[in-house]
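The values are calculated or read from the model by the stated rules, or taken from the named source; none is laboratory data. The shown structure was predicted, so the numbers you read here are calculated from the model rather than taken from an experiment. Don't worry about glycine lacking a Cβ; one is built from the backbone with ideal geometry, like all the others, and counts go over all protein chains shown.
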Amino acid sequence: MKRSFLLAATALAGAPFSSAIAQTAPGEIVVTAQRTNATAVTGEGDLGALGNQKAENVPFTVRSYNEAIILNQQPQTLGQVLENDPTVRTSYGFGNAAEQFVIRGFALYGDDVGLNGLYGIAPRQLIAPELFESVQVLNGASAFLNGAAPGGSSVGGAVNLQLKRAHGKPLNRVTLGYTSDAHFGGSVDISRRFGEGDAFGVRINGAFRSGDVSVDGEFRRTAALGAAFDWRDDNTRLFLDLGYQKVEVKGLRPKVTLGTTTKPAVPAADANYAQPWTYTTLRDVFGVVRFEQDLGEHAMFYATGGARDGSEEGIYGGITVTNASTGAANGNALYVPRTDNNEAVEAGLRVKLGSAVTQEINFGGSAIWQVNRNAFDFLYGPGFAGFATNLYNTPSAAIPSSAFVGGNLNNPFPVSRTRLLSAFASDTIGFWDNRVLMTGGLRLQDIQVKSYNYYNGGALDGTYSKSAATPVVGLVVKPVPGFSLFANRIEALQQGPSAPIDATVVNSGAVFAPIKSTQYEVGGKLRVGTFDIGLSLFRIDLPVGYSVDIGGGKKRFGLFGQQRNEGVEFTINGEPVKGVRLIGGASVVDAKLKRTSGGVNEGNRAVGVPEWTANAGLEWDVAATGLTLTGRVMHTGKQAVNVANTLEIPGWTRFDLGARYVFVAADKPVTLRFTVDNVANKRYWASAFDVFSAALLQGQPRTFKASASIDF
């Protein structure tokens, strides 16, 4: 690894630096490039029904991370971008490379990440960050703003990705990069505006990287290509965004399921307990078109639509520890072929009225169609015995034989069809020069799901068709410029459960209305120059279903339980002094189980929700040198591993360090970057969040990254 790293550093730094010595580097070019490369977090984002808004004008918490963060930190996944957010943590799904995010103590699945404001169009599981201009985080419930998430998550927050588009200044950028142990790649980003008044815009960007990463024996390859076209005149704007992504992962280090009442010690930081035959291959083609038409000075009509064709295949590996002291474990595998065909549309009208008392009226509708085709093969061997393995000294094992098959492995048929329809309307009234803004709105949502039988040739197995209304009320008060107070009541919406098929359950098979999770939030925001400070207090109540004894040997299923997450979030972002930039904050979440069945586990902490999290990321432009020093510290508090709270993982802290250097070669700015993530090579259990079982995700080992970019 050290030899590979030294070779990479020499290749990236040596050649361009020699040409810089022979020429005088104009200070103005260096300073401009240094500022252009500056990472930034802005208080604004796409708030769905309310459109693009600045945080100070809305009763919600929203932040946007710019593309310079992606360029400078060289993240390989969306989760690595969101490491910058003090209120977000990342976990994985079962045995495969499927990132899911924890916001305010609730899951946000990769299926429910938005793209240009639409659900179901972004690639799922793993998302290559290079195609995106900004990553937007909305903390809190959002059923009115965005509609129900089709994957059934987004209770505690939402993430929206904005694809890159052409802006005023031409761009030609080539980047070469290296990630330890032997992962090399590069990217190209070209942008132009042309025609009268720069009416036409084109931006083409792509990335390719391949090789072993810092986890021993884990291989990743990513290819991504994006193309954005737009045209605009005084009253009309038309956008077309297209994307392609293919991600391959071999030997993914899986989560560790616990089959014991004690917690195993953390293996070596770079240890890999995966089998070499495990793999994931993900391919997505997607696109979004958007039309905007100004109807006079104070009204705009918009319509947008997108589609995604996705395919996945993989043998996913699992490991269940049966002896925590020795690391003895049982291994298994699961083969899954899958395809997705998703479409989404939204249209609406936005009208602004008044002067002394203002109104912004929004109304419109949306529709989402999704078809999922998949099959599965549980590779557990005879009697579902799996194979013997070990967490600390993992032997190579043969792929177990098939134990249980569902669907057609060679040509998967539809197993679910989902349709979500909604209509929304809102009115934001402003008083006293918009120093007081009151928002009220309502979205009517219809959720329709058809499921098909894996074992009967795909025959219709069941239907779900329910409707719900999700209101929102919010208040913003701005007593002085740059300072605002806010409050909201808003809901999240998920498909309701069905009562279990059981002769002892009196409402067996009953289909419940969509589940509403209610959020109350108050907070404040302060903006001083480019410096933003935010503070919010929230409570979210999520209904939980189970069966209760009603006597006579009978039970009734219902939404009798509750998970209540209460917390405080603090964020601080911006440039307190020139040349020093800060991205940081902290979050405290008290996630408790309420009204549990029979009082068992009453008041216990929810699994995998850290008691508190904190980040501090700093950049310092060393005056007149072209050098920028960077550092970041992340802390995650202790987490419950099981519902009974008899196991927990301790809190952990990680340190990252880095530097950038900008100089001029042949009158062109060149940027060299070097970072080290997890400087101390700390071994730790990063997350215990899992919706199925007690399982632990190990944190990433020390990772070296280097890159060189030239703008020409």
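Against the numbered list (1) in a strand (DSSP E or B); (2) farther than 16 Å from PHE689 by Cα, ALA624 comes up short only at (1). Meeting the requirement of 2 or more residues that are of a type in the set (S, T, N, Q), more than 30 Å from GLY314 (Cβ to Cβ) and touching a Leu at 6+ places or on another chain (Cβ under 8 Å), the strands (runs of 3 or more DSSP E) wholly within region 335-451 are 358-374, 414-431.
Where strands (runs of 3 or more DSSP E) fall wholly inside region 22-94, the ranges with 3 or more residues that are within 24 Å of HIS167 (Cα to Cα) are 44-46, 52-54, 61-66. In region 511-525 there is at least one residue that is hydrophobic (A, V, I, L, M, F, W, C), outside any loop (DSSP other than H, G, I, E, B), under 25 Å from the mean Cα position of the chain (by Cα) and under 30 Å from GLY407 (Cβ atoms).
Of all residues in region 397-455, those satisfying the criterion of being hydrophobic (A, V, I, L, M, F, W, C), more than 30 Å from GLY474 (Cβ to Cβ) and out of contact with any helix residue (DSSP H, G or I) (no Cβ under 7 Å at 6 or more places or on another chain) are ALA397, ALA398, ILE399, PHE404, VAL405, LEU409, PHE413, VAL415, VAL449. Scanning region 193-239 for residues that are exposed (fewer than 15 other Cβ atoms within 10 Å of the Cβ) and part of a strand (DSSP E or B) gives PHE194, SER210, TRP231, THR236, LEU238. All conditions but one from (1) part of a strand (DSSP E or B); (2) crowded, with 22+ Cβ neighbours inside 10 Å apply to LEU252; the one that does not is (1).
One line per residue, one yes/no per condition, for (1) under 26 Å from GLU133 (Cβ atoms); (2) assigned to a loop (DSSP other than H, G, I, E, B); (3) over 27 Å from the mean Cα position of the chain (by Cα); (4) among the small types (Gly, Ala, Ser):
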{"site": "THR260", "(1), (2), (3), (4)": "no, yes, yes, no"}
{"site": "ALA269", "(1), (2), (3), (4)": "no, yes, no, yes"}
{"site": "GLY287", "(1), (2), (3), (4)": "yes, no, no, yes"}
{"site": "ALA307", "(1), (2), (3), (4)": "yes, no, no, yes"}
{"site": "GLY310", "(1), (2), (3), (4)": "yes, no, no, yes"}
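Screening SER355 with (1) within 30 Å of ASN146 (Cβ to Cβ); (2) of a type in the set (Gly, Ala, Ser); (3) more than 32 Å from the chain's Cα centre (by Cα) gives one miss only, at (1).
Looking at THR36, THR61, just one residue is modelled with pLDDT of 85 or more and among the polar types (S, T, N, Q), and that residue is THR61. When each of THR504, THR518 is tested for being farther than 19 Å from VAL473 by Cα and either surrounded by 15 or more Cβ atoms within 10 Å (Cβ to Cβ) or out of contact with any helix residue (DSSP H, G or I) (no Cβ under 7 Å at 6 or more places or on another chain) (or both), the lone residue that passes is THR504.
Residue pairs whose Cβ atoms lie under 7 Å apart, sitting 6 or more positions apart in sequence or on different chains, and linking a residue in region 305-319 that is within 26 Å of LEU118 (Cβ to Cβ) and charged (D, E, K, R) to a partner that is at pLDDT 95 or above and outside any strand (DSSP E or B), are ARG308/GLY120; ARG308/ILE121.
One line per residue, one yes/no per condition, for (1) under 19 Å from ALA708 (Cα atoms); (2) touching a His at 6+ places or on another chain (Cβ under 8 Å); (3) of a type in the set (Lys, Arg); (4) modelled with pLDDT under 95:
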residue	(1), (2), (3), (4)
ALA166	no, no, no, no
LYS169	no, no, yes, yes
ARG173	yes, no, yes, no
GLY177	yes, no, no, no
ALA182	yes, no, no, no
ASP189	yes, no, no, no
ARG203	no, no, yes, no
PHE208	yes, no, no, no
SER214	no, no, no, no
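Taking LEU593 as the residue in question, decide whether it is farther than 20 Å from VAL155 by Cβ and either crowded, with 16+ Cβ neighbours inside 10 Å or touching a strand residue (DSSP E or B) at 6+ places or on another chain (Cβ under 6 Å) (or both). No; evaluated as a whole, the condition is false for this residue.
Scanning region 526-549 for residues that are over 15 Å from PRO500 (Cβ atoms), assigned to a strand (DSSP E or B), of a type in the set (Val, Ile, Thr) and more than 22 Å from the chain's Cα centre (by Cα) gives VAL528, ILE533. Which residues, counting only those in region 402-419, are of a type outside the set (S, T, N, Q) and farther than 19 Å from LEU460 by Cβ? Answer for region 402-419, where residues must be of a type outside the set (S, T, N, Q) and farther than 19 Å from LEU460 by Cβ: ALA403, PHE404, VAL405, LEU409. In summary, TYR454 fulfils each of the numbered conditions (1) at pLDDT 95 or above; (2) surrounded by 15 or more Cβ atoms within 10 Å (Cβ to Cβ) with the single exception of condition (1).
Would you tally the residues in region 685-712 being assigned to a loop (DSSP other than H, G, I, E, B) and either among the hydrophobic types (A, V, I, L, M, F, W, C) or in contact with a Cys (Cβ under 7 Å, 6 or more places away or on another chain) (or both)? Number of matching residues: 6.
Among the residues of region 465-510, those identified as modelled with pLDDT of 95 or more and either assigned to a loop (DSSP other than H, G, I, E, B) or of a type in the set (Phe, Trp, Tyr) (or both) are PHE483, PHE486.
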